[in-house]
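Chemist: The structure follows.
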Amino acid sequence: GPERALGRTYYIDFPKMRLVVIDTDQLQLFSDYTRANTWLEKTLNDDKVHDKWKIVMMHHSVFSAGMGRNNPLIHATFTHALHSADAVFAGHDHNYARRIVRDSNGKVQFVNIVTTSSEKSYLGKLNPKDDRLLTVYPVVEHILLTDSTLCIETWRADDKSLYDHVVLHKDGTADDYFADAAELLPMPERYIGVDNRKTRKFLERRTERGNYE
């Protein structure tokens with residue numbers, strides 16, 4: 001890993017995948033961010049992983065899923081480098097949000113997934129740019145990969161039902177099997193009856209998404 005983060009920010013190579021872990025909690029100084037980003041760019045563009053799937057895990061997401069929980073330094077530091085990844089998993093915001101990031105030609109750059117298996121729930125940001133959202137319910141991820149495909153399944157932890165399913169292909173295309181499915185977007189219990197700017201924004205964006213339960 002980078003200097004000042006040895007043993008906490010690292011990668012592990014598998015036969016078909018390089019798994020990269022970034023300890024964003026330990027990023028304190030500006031130099032910590034720059035070192036981590038320089039290391040990440042080198043790690044994701046290593047000739048040794050040209051044919052491997054590259055998956056990054058980090059606590060803070062470049063695209064936040066919780067209302068008022070933006071991380072501008074994380075976004076500014078890592079977003080460009082993560083275009084060399086295939087999938088990015090983050091937590092912190094205690095909501096589910098999945099976004100397929102594409103270039104101007106529609107080619108998939110990477111898939112960003114914010115997820116949690118905790119029952120703790122914050123108010124969802126419900127960003128219109130996210131492709132599929134879930135609030136309140138905890139989920140777990142199942143990843144299945146071959147030489148040419150990366151399958152990401154999202155399962156609800158409470159009733160074991162499949163909630164989201166995306167398959168990435170090496171040619172830069174993606175299959176989104178839940179593109180038209182209704183979303184589960186309940187208001188977290190502790191916010192029910194609260195009338196403030198955040199709750200009004202949540203309700204407004206939920207209405208704008210339309211297809212929800």
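The values are calculated or read from the model by the stated rules, or taken from the named source; none is laboratory data. Just so it is clear, the model here is predicted, and its values are computed rather than measured. Neighbour counts are summed over all protein chains in view; Cβ atoms, including those assigned to glycine, are modelled from backbone coordinates with ideal geometry. The accessibility values were calculated without ligands, DNA or RNA, using every heavy atom of the protein model including side chains. Shrake-Rupley method; radii C 1.70, N 1.55, O 1.52, S 1.80 Å.
Chemist: Let me confirm something: among Leu6, Leu29, Leu40, Leu44, which residue is buried (at least 21 other Cβ atoms within 10 Å of the Cβ) and not basic (Lys, Arg)?
Modeler: After ruling out the rest, the residue left standing is Leu40.
Chemist: Determine whether Thr116 is open to solvent by 20 Å² or more (accessible area, probe 1.4 Å), of a type in the set (Val, Ile, Thr), in contact with a helix residue (DSSP H, G or I) (Cβ under 7 Å, 6 or more places away or on another chain) and not in a strand (DSSP E or B).
Modeler: Considered against the rule, which asks whether it is open to solvent by 20 Å² or more (accessible area, probe 1.4 Å), of a type in the set (Val, Ile, Thr), in contact with a helix residue (DSSP H, G or I) (Cβ under 7 Å, 6 or more places away or on another chain) and not in a strand (DSSP E or B), Thr116 comes out as no.
Chemist: Give the range 173-185 a look and list any residue that's closer than 27 Å to Met17 by Cα and either at pLDDT below 95 or surrounded by fewer than 16 Cβ atoms within 10 Å (Cβ to Cβ) (or both), or say none.
Modeler: Pass one, the range 173-185, residues closer than 27 Å to Met17 by Cα: 173-179.
Thr173, Asp175, Tyr177, Ala179 - these are the residues of the range 173-185 that are closer than 27 Å to Met17 by Cα and either at pLDDT below 95 or surrounded by fewer than 16 Cβ atoms within 10 Å (Cβ to Cβ) (or both).
Chemist: Also, quick follow-up: Go through (1) at pLDDT below 95; (2) assigned to a loop (DSSP other than H, G, I, E, B) and name the single condition Asp130 misses.
Modeler: (1)
Chemist: Still on this structure, I have one more. So, in the range 14-55, exactly how many residues are part of a helix (DSSP H, G or I) and not hydroxyl-bearing (Ser, Thr, Tyr)?
Modeler: 15
Chemist: Considering each residue of the range 147-172, count those that are open to solvent by less than 60 Å² (accessible area, probe 1.4 Å) and within 17 Å of Trp53 (Cα to Cα), and give that number.
Modeler: Residues that pass the stated criteria total 10.
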